[in-house]
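All remarks here apply to the structure that follows.
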Amino acid sequence: MNSIPVTKYISLDHTFKVASNIGYKRSDGKWITLYIVLNEIGQIVMWQFTKSTGFDEITAMLTHLQTRIHQPIIIFVDNCCQQRSKLQQILDKMSLSVWTYSMLFRG
């Protein structure tokens, strides 16, 4: 995965549909989510199965992502109010701007 570039923009998101299509679920029958990092042209930069949408499960992956970022980038997430401070703690060596997907589609 290290060969896919991280340049100007990335989007971070949990997806349940992919996990359900793959058929990966917990013993209690609940689907496990897939956390995906995409670059600006839609390539998967990193991914990880998670048991919940909790931020602590993706901290190690995002710490590794930080080593691949060499310039300021813009990060798009679906819930920036909850994630902004946590992302800034992990990606503290760079300047970053976190925007929600909904900001892109407001008229």
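Quick note: the coordinates plus some simple rules give every number you see, no bench work behind them. From a predicted model like this one, the values you see are computed outputs, not experimental measurements. Quick reminder, even Gly has a Cβ in these numbers, built from the backbone with ideal geometry, and neighbours come from all protein chains shown.
Below are the figures for this structure:
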read-out	value
Ranked list, fewest to most other Cβ atoms within 10 Å of each Cβ, for Asp13, Asp56, Asp28	Asp28, Asp56, Asp13
Proxy reagent accessibility, fewest Cβ within 10 Å first, across His70, His64, His14	His70, His64, His14
Förster-model FRET efficiency, 22 Å R0, Ser52 and Gln89, C-beta, rounded to 0.05	0.70
Amide H contacts under 5 Å for Glu40, placed H, 5+ residues apart	Thr7, Lys8, Tyr9
